[in-house]
Amino acid sequence: MDLLEYQGKQLFSRHGLAVSPGRVVTSVEEAVAAAAEVGYPVVVKAQVLIGGRGKAGGVKLADDESRVREHAGSILGMDIRGHTVRKLWIEHASDIASEYYASVLLDRQAKQPLAMFSTEGGVDIEEVAEKTPEKLVRHHVDALAGLSREEAVKIATDGGADSDVIDGVADALMALYEVWMQEDATLAEINPLIVTPGREVRALDAKVSLDGNALYRHPDNQGLSDAENEDPIERRAKEQGVQYVALDGDIGILGNGAGLVMSTLDVVAQAGGKPANFLDAGGGSDAAKIKQAVELILSNVRVRAVLFNIFGGITRCDEVAKGLIAAFEELKAAGGDGWDPIPFVVRLDGTNDAQGRELLRQAALPNVHPAATMNEAAEKVVTLAKEQG
Ligand code: GDP
Ligand code: MN
C-alpha cells in the first residue's frame, strides 16, 4: 500500500524524523489559508502516488498569496503520468544547502533489510546507482539487532556526508529504519534528505509503502489508503472479502486457491493473452460468492473474455455452476432483449465436476464455452478475447 508524501511525513514525524510544517488541502482557497498558517515562503506540492512530480511541474515555490493561487490553481486537476492531482500539500519552504538520499527496504535476495544512503540526492537515484555506484552506500542490517548508532554513523561517513552533519544524518537513518521496522513498511525512502544552511537535517520528501497484510497490526494506519487513488474494483473486493488484484490486460480470471489462480495467469500469458485481474474465489465458495465475483470481474470495462478455472476440492463445482447461472440471470435481466454477453470459458474439475457441467449444459448459457484442461481453456479464452477486439 503506497502512501502519499504527506502521509509518509506523518509517519516520519511520529518516529522523530524532522519534517517541515505543512497542511493538506483540496482547493485554492484552502491552499491560501494553509500558506498563511505555515508561513511564507511555501512550496505547493501535488499529492499523487507517483514520483518525479518536480519535473512534471507538480512542485512549485510561492513567495506570496498570488503565487499560491496561481500554482495551486494550475496543479490541482493536473495529470501527472496518469494520476490526477486532487490534493495538495502546502509546506513551509526550506533553504537547501545539500540534497542527500536515504532509504530502507527489504532486500529479498539477501533476506535482510537494506539501508541505502547517498550525498547525490534530489536527482534520479537509479541513475546514481547505475553511473556512479560508488556514491550509493548499501548496508545490510541485522533484522534482529536493528540498526545501531555505530552502523548509522559509518553509513553517513562512508557516503561522504559533511562532517558536521554526520550525527544528524545518523539520527535520520535510525529514525527511518524505525519507521520501516515498526510500521511494517516495505519501503521507506527520503529523496531529498536535505541539510539546511543552519545545518539541520530534514526529510523534504517521503515515499513510504506499507505491507497491506500487516495493516491489522496498525489500527492508526488503516485510514491511510487513499480511496481516490485506489482501484475502485479492488476497494469493493476488499469490502467483500475477495482476493482481487487489478492487472492491465483484457482477460478476466477467476479461480479457487491463490496457487491455481497464479498458474492460470501464467498459462493465459503463455497462450499470448493478458490477464485483467487476479481473483481467488477461495475455498468453499458458494453460488452467492461466485455471482459476486463475476460482478467484480465484469465491472472492469476492459474485460473482453473471462476464464473460470475451478479445481473442486472443498469448493464444489455444482455450486460454482449455480453461481455462474445466477450471475447470468441477473446480467440478462439488466441487459434486456439485445443482451450479448462476452465469452466465458469454463473449466470445472474435481468435486462434483460432472454435476456442474450438467447444470451448465442444461442452462445453455449464451457464449459459455466448456474446456477440459487448463491449457485448452487458456487457448480458447485468448482466441475468444481476440475475436472480441
Ligand atoms: P518529487 O519530484 O516527486 O521527488 O518531489 P520532491 O518533494 O522531491 O520535490 C522535488 C524538488 O523540489 C526537490 O528535489 C527540491 O529540489 C525542490 N523542493 C521541494 N521542496 C522544497 C523546498 O522546501 N525548498 C526548496 N528550495 N526546494 C524544494
Ligand atoms: Mn523526491
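The values are calculated or read from the model by the stated rules, or taken from the named source; none is laboratory data. If you're wondering where the values come from, they're calculated on a predicted model, not measured in any experiment. Using ideal geometry, Cβ is built from the backbone for each residue, glycine included, and neighbour counts are taken over all protein chains shown. Each accessible area value is taken on the protein alone, full model and side chains, heavy atoms only, with ligands, DNA and RNA left out. Shrake-Rupley method; radii C 1.70, N 1.55, O 1.52, S 1.80 Å.
Whole-Hz Karplus ³J(HN,Hα) for the range 54-67, in order, using 6.51 cos²θ - 1.76 cosθ + 1.60 and θ = phi - 60°, x for Gly and Pro?
Listing the rounded values in order: x, 4, 7, x, x, 9, 9, 7, 9, 8, 8, 4, 5, 5 Hz.
So, by mean Cβ neighbours within 10 angstrom, what's the order for 182-189, 212-219 with the highest one leading?
In descending order of packing, they fall as 182-189, 212-219.
What residues qualify as long-range amide H neighbours of THR186, i.e. H under 5 Å apart, gap of 5 or more or another chain, H built at 1.01 Å from N?
SER209, LEU210, ASP211
I'd like the accessible area for ILE342: 1.4 Å probe, protein heavy atoms, all chains in place, Å² to the nearest 10.
Number for this one is 40 Å².
I'd like to compare 154-160, 197-203: which one has the highest average count of other Cβ atoms within 10 Å, and what's the full order after that?
Ranked from most to least packed, the peptides come out as 154-160, 197-203.
Could you state the accessible area per residue of the range 91-196 in Å², with a 1.4 Å probe and every protein chain left in place?
That works out to 47 Å² per residue.
Report ³J(HN,Hα) in whole Hz for each residue of the range 39-48, in order, from the Karplus equation J = 6.51 cos²θ - 1.76 cosθ + 1.60 where θ = phi - 60°; Gly and Pro get x.
Karplus-based 3J(HN,Hα) across the range 39-48 equals x, 6, x, 10, 10, 9, 10, 4, 9, 9 Hz.
Do the alpha carbons of any pairs in LYS289/LYS380; LYS60/LYS274; LYS87/LYS332; LYS207/LYS380 sit beyond 31 Å of each other, and which pairs?
LYS60/LYS274; LYS87/LYS332; LYS207/LYS380
For helix 353-363, report the angle its Cα long axis makes with the longest principal axis of the Cα atoms of the chain; keep it between 0 and 90° and round to the nearest 10°.
70
Under a crude label model (7 Å from the Cα following the beta-carbon direction), how far is MET262 from SER148 in nanometres?
3.7
Determine which aspartates and glutamates satisfy two conditions relative to LYS291: a Cα distance under 16 Å, and not lying fewer than 8 residues away in the same chain.
Cross-link targets: GLU239, ASP280, ASP318, GLU319, GLU329, GLU330.
Please report the carbon-and-sulfur percent of the accessible area for the range 223-280; probe 1.4 Å, protein heavy atoms only, DNA, RNA and ligands left out.
Ligands and nucleic acids excluded, carbon and sulfur reach 50 percent.
Quick query: amide H of LEU247 versus all other amide H atoms, modeled in the peptide plane; which residues come in under 5 Å with a sequence gap of 5 or more or a different chain?
It is ASN277, PHE278, by chain and number.
Can you list residues from other chains, or at least 5 along the same chain, whose modelled amide H is less than 5 Å from the amide H of GLN112?
ASP107
Looking at the chain from every direction and averaging, what is the projected area of its Cα convex hull in nm²?
If I average the Cα hull's projected area over directions, I get 22.8 nm².
How far apart, in nanometres, would the label points at ARG236 and ARG81 be if each is projected 7 angstrom from Cα along the Cα-to-Cβ direction?
Placing both labels 7 Å along Cα→Cβ, they lie 2.9 nm apart.
Using the Karplus equation 6.51 cos²θ - 1.76 cosθ + 1.60 (θ = phi - 60°), what ³J(HN,Hα) coupling, rounded to whole Hz, does each residue of the range 175-188 give in order, writing x for Gly and Pro?
After applying 6.51 cos²θ - 1.76 cosθ + 1.60, I find 5, 5, 5, 5, 4, 4, 6, 6, 8, 6, 7, 9, 8, 9 Hz.
How large is the accessible surface of SER148 in square angstrom, using a 1.4 angstrom probe and rounding to the nearest 10?
Number for this one is 40 Å².
From largest accessible area down, sort SER66, SER285; use a 1.4 Å probe on the protein chains.
SER66, SER285
Would you work out what percent of the accessible area of the range 1-93, with all protein chains in place, is carbon or sulfur (probe 1.4 Å)?
50
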